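*Asks:* Pasting a structure here, questions to come.
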Amino acid sequence: MKKGFGILIAVMMLITTVFSGCQSKKSASDKEISLFLSLSEADTFRQTLVEAAQKKAEEEGIRLEVSDAQGSIENQVADIKAAAEAGYSVIFCGPVSVDTTTELKASAGDVPIIFFNSCPPQKQLKAEQYIYVGSDEEVAGQFQAEYVLDKLSDKDEINVVILKGPKSHSATNGRTKGVKETFAASGKKINYVFEDHADWDAQKAQNLFEVFLKTGATADCVICNNDTMALGVIEACKNAHIDLSSLPVLGVDATADGCSAIENGDMAFTVYQSATGQGEALIEAAVKFAKGESTEDIEGITQDGKYVWVPFEKVDSSNVSDYQK
């Protein structure tokens, strides 16, 4: 998830504004809809999500402006305050930190916020006003643990290494929880022989796994909260001449590099998270908000109206070609 793109991408995201042309599909009820998207920081997954939202907005004849907070809470708060003052209909927010949710909501005033990429606590969400669009992170962890349990079905005791994303990120907490709860329900003895935060970063993951190898402990699998960290682990394994066919390394996101690693036999498993599906769902929900319509018929909406879930999908060597562009 976290992978730097450099100044060019950041600038591109800052200046991106989508307008409809004279062949706009606007009706009288939505001609004034304008949307503002605050991105926590640019990376591969988020760029894909934004591009999908831009395309969907353009098709609907809706104005969408995108701003990159570049990892700064101060930038994000200022951007959202300015968007509210400018009269945008709905604000999209991928929080730099979910700990700032109250401040972000206050900055938006009466403008509804649709959160994405990192989910605020449930108590901060409210149907028709503050909702979250994304994928149920616990399911990704569940899928990873199920793969390991199937792959190592002959073992009654499994030694597990877990490398996690940032401490405050909802995906970190949800994916790790999904892994551990699924293992706990298996009846097998699970030993967590190493667990640390590599913050979505390949180099950090590589360094941490090299530290683990120096302990002399053994692992039966390495579960990473995203593909980028899994690729860092794979690099460490190659440097240490470890046979990856005997040590399953798992990720999440089904990035292009992650899928290539599965095709090459280096990575065992990943979970596809549809950035495109999430971007499109953002626009669909925003249009409902802007028109004052109920969101209850949006695909994936939960019964309490606080979440719109875009399903995860399992990816391994048997179907990886379906996810490669």
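The values are calculated or read from the model by the stated rules, or taken from the named source; none is laboratory data. Computed from a predicted model, the values in this text were never measured in an experiment. Every residue, glycine as well, gets a Cβ built from its backbone with ideal geometry; the counts of neighbours run over all protein chains shown.
Here is a yes/no grid of residues against (1) of a type in the set (Gly, Ala, Ser); (2) within 18 Å of the chain's Cα centre (by Cα); (3) modelled with pLDDT of 95 or more; (4) in the same structural domain as Ser168 (by TED's automatic domain parsing):
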| residue | (1), (2), (3), (4) |
| --- | --- |
| Lys26 | no, no, no, no |
| Ile33 | no, no, no, no |
| Ala42 | yes, yes, no, no |
| Val50 | no, yes, yes, no |
| Ala57 | yes, no, yes, no |
| Glu65 | no, no, yes, no |
| Ala69 | yes, yes, yes, no |
| Glu74 | no, no, yes, no |
| Ala82 | yes, no, yes, no |
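*Asks:* Which ones in region 170-212 are hydrophobic (A, V, I, L, M, F, W, C) and closer than 30 Å to Val133 by Cα? I'd like the intermediate steps shown before the answer.
*Replies:* The first filter runs over region 170-212 and keeps only residues hydrophobic (A, V, I, L, M, F, W, C), leaving 171, 179, 183-185, 190, 193-194, 198, 200, 202, 205, 208-209, 211-212.
If the condition is that a residue be hydrophobic (A, V, I, L, M, F, W, C) and closer than 30 Å to Val133 by Cα, then Ala171, Val179, Phe183, Ala184, Ala185, Ala198, Trp200, Ala202, Ala205 are the ones that fit.
*Asks:* So, in region 79-107, of the ones that are aliphatic (A, V, I, L, M) and crowded, with 24+ Cβ neighbours inside 10 Å, which residue ends up nearest to Arg175 (Cα to Cα)?
*Replies:* From region 79-107, those aliphatic (A, V, I, L, M) are 80, 82-84, 86, 90-91, 96, 98, 104, 106; that's our starting set.
Checking the rest, the ones that are also crowded, with 24+ Cβ neighbours inside 10 Å come to 80, 83, 90-91, 104.
On the way: Ile80: 29, Ala83: 32, Val90: 29, Ile91: 26, Leu104: 25 Å.
The extreme case among them is Leu104.
*Asks:* Of all residues in region 233-273, which are touching a Leu at 6+ places or on another chain (Cβ under 9 Å) and touching a residue at least 60 places away in the same chain (Cβ under 8 Å)?
*Replies:* Scanning region 233-273 gives Val233, Pro248, Thr255, Ala268, Phe269, Val271.
*Asks:* Then there is this: Considering only residues of region 113-146 that are part of a loop (DSSP other than H, G, I, E, B) and of a type outside the set (A, V, I, L, M, F, W, C), which is surrounded by the most Cβ atoms within 10 Å (Cβ to Cβ)?
*Replies:* Of the residues in region 113-146, the ones part of a loop (DSSP other than H, G, I, E, B) are 117-121, 125, 127-129, 135-136.
Checking the rest, the ones that are also of a type outside the set (A, V, I, L, M, F, W, C) come to 117-118, 120-121, 128-129, 135-136.
Values: Asn117: 24, Ser118: 24, Pro120: 24, Pro121: 10, Glu128: 16, Gln129: 16, Ser135: 26, Asp136: 18.
So, considering only residues that are part of a loop (DSSP other than H, G, I, E, B) and of a type outside the set (A, V, I, L, M, F, W, C), the one surrounded by the most Cβ atoms within 10 Å (Cβ to Cβ) is Ser135.
*Asks:* Assess whether Asp136 counts as being under 13 Å from Ser40 (Cβ atoms) and of a type in the set (D, E, K, R). Show your work before the answer.
*Replies:* Details: under 13 Å from Ser40 (Cβ atoms): no; of a type in the set (D, E, K, R): yes.
So Asp136 fails the test.
*Asks:* Another question, then. Residues of region 211-253 being surrounded by 20 or more Cβ atoms within 10 Å (Cβ to Cβ), over 18 Å from Val320 (Cα atoms) and among the hydroxyl-bearing types (Ser, Thr, Tyr), which ones?
*Replies:* Result: no residue meets the conditions.
*Asks:* Output the residues belonging to region 197-230 that are among the acidic types (Asp, Glu) and outside any helix (DSSP H, G or I). Explain how you work it out, then say what you get.
*Replies:* So the first thing to find is which residues in region 197-230 are among the acidic types (Asp, Glu), and the list is 199, 201, 210, 220, 227.
Within region 197-230, Asp199, Asp201, Asp220 meet the criteria.
*Asks:* Follow-up question, since we're still on this one. Looking only at region 274-313, how many residues end up being at positive phi and at pLDDT below 95?
*Replies:* Looking only at that region, the number is 1.
*Asks:* Please tell me if Lys123 is free of Cβ contacts under 8 Å to residues at least 12 places away in the same chain and in the same structural domain as Ser40 (by TED's automatic domain parsing).
*Replies:* On the way: free of Cβ contacts under 8 Å to residues at least 12 places away in the same chain: yes; in the same structural domain as Ser40 (by TED's automatic domain parsing): yes.
Spelling it out, Lys123 is indeed free of Cβ contacts under 8 Å to residues at least 12 places away in the same chain and in the same structural domain as Ser40 (by TED's automatic domain parsing).
*Asks:* Can you find, within region 43-100, the residue that is nearest to Ala202 (Cα to Cα) among those that are outside any helix (DSSP H, G or I) and among the charged types (D, E, K, R)? Please lay out each step first, then the result.
*Replies:* First, pick out the residues of region 43-100 that are outside any helix (DSSP H, G or I): 43, 61-72, 86-97.
Now narrow it down to the ones that are among the charged types (D, E, K, R): 43, 63, 65, 68.
On the way: Asp43: 13, Arg63: 36, Glu65: 31, Asp68: 22 Å.
My answer is Asp43.
*Asks:* Of the conditions (1) buried (at least 16 other Cβ atoms within 10 Å of the Cβ); (2) in a loop (DSSP other than H, G, I, E, B); (3) free of Cβ contacts under 8 Å to residues at least 60 places away in the same chain, Asp110 fails just one. Which one is it?
*Replies:* The number of the failed condition is (1).
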